[in-house]
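Any read-out appearing in this document is the output of simple, stated calculations on the displayed coordinates, not a laboratory observation. Quick caveat, the model's predicted, so the values are computed rather than measured. In this analysis, Cβ positions are derived from the backbone assuming ideal geometry, glycine residues included, and neighbour counts consider all displayed protein chains.
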Amino acid sequence: MKIIVTDREGKVHELKGRDGWRVMEVIRDANLPMTAECGGACACATCHVYVDDAWLPKLPPQEKQEIEMLDFGVAVQENSRLSCQIIVSDEFDGLKVTLAPESL
């Protein structure tokens with residue numbers, strides 16, 4: 001399965017997803033610029049991504065903790081998600097996300 005990630009410069013990367021991994025882990029292991037400070041514990045917003053609009057309804061709904069953490073994100077939009085909260089599976093083959101800006 002693959003995850004399609006657009007970096008902050010607009011370059012598109014096709015990454016190999018691993019079943020059961022978090023999208024954040026796939027992005028980080030591909031050495032794309034994502035801090036992911038809390039390592040996937042949903043305790044920061046440094047893995048913030050924008051999910052392609054076509055994929056939003058296919059993802060599980062956000063839980064309260066993710067919604068609260070996005071309050072700390074930069075340039076949060078309607079399609080903002082924390083990539084640590086999206087678990088890779090066959091049903092998300094071709095998922096498209098864009099890295100959100102990081103705080104300075």
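Highest mean first, what order results for 92-100, 16-24, 55-63, 30-38 on Cβ atoms within 10 Å?
Per-residue Cβ counts within 10 Å, averaged per peptide and sorted highest first, yield 92-100, 16-24, 30-38, 55-63.
Quickly work out the ILE87-to-GLN65 label distance, labels modelled 7 Å from Cα along the C-beta direction, and quote it in nm with one decimal.
1.3 nm
Where both residues lie in the chain, what percent of DSSP beta bridges are antiparallel, nearest 5?
About 75 percent, rounded to the nearest 5.
At R0 = 25 Å, how high is the FRET efficiency between ALA43 and VAL12 if r is their beta carbon distance? Nearest 0.05 is fine.
0.30
Quick one: compute the contact order of the chain, relative version, from alpha carbon pairs under 8 angstrom and 6+ residues apart, as a percent.
41 percent
Taking the beta-carbon count within 10 Å as an exposure proxy, list HIS13, HIS48 from fewest neighbours to most.
HIS13, HIS48
Checking the cross-link filter: which lysines have an alpha carbon closer than 21 Å to that of LYS2, excluding same-chain neighbours under 8 positions apart?
Once the sequence-local lysines are set aside, what remains near LYS2 is LYS11, LYS16, LYS58, LYS96.
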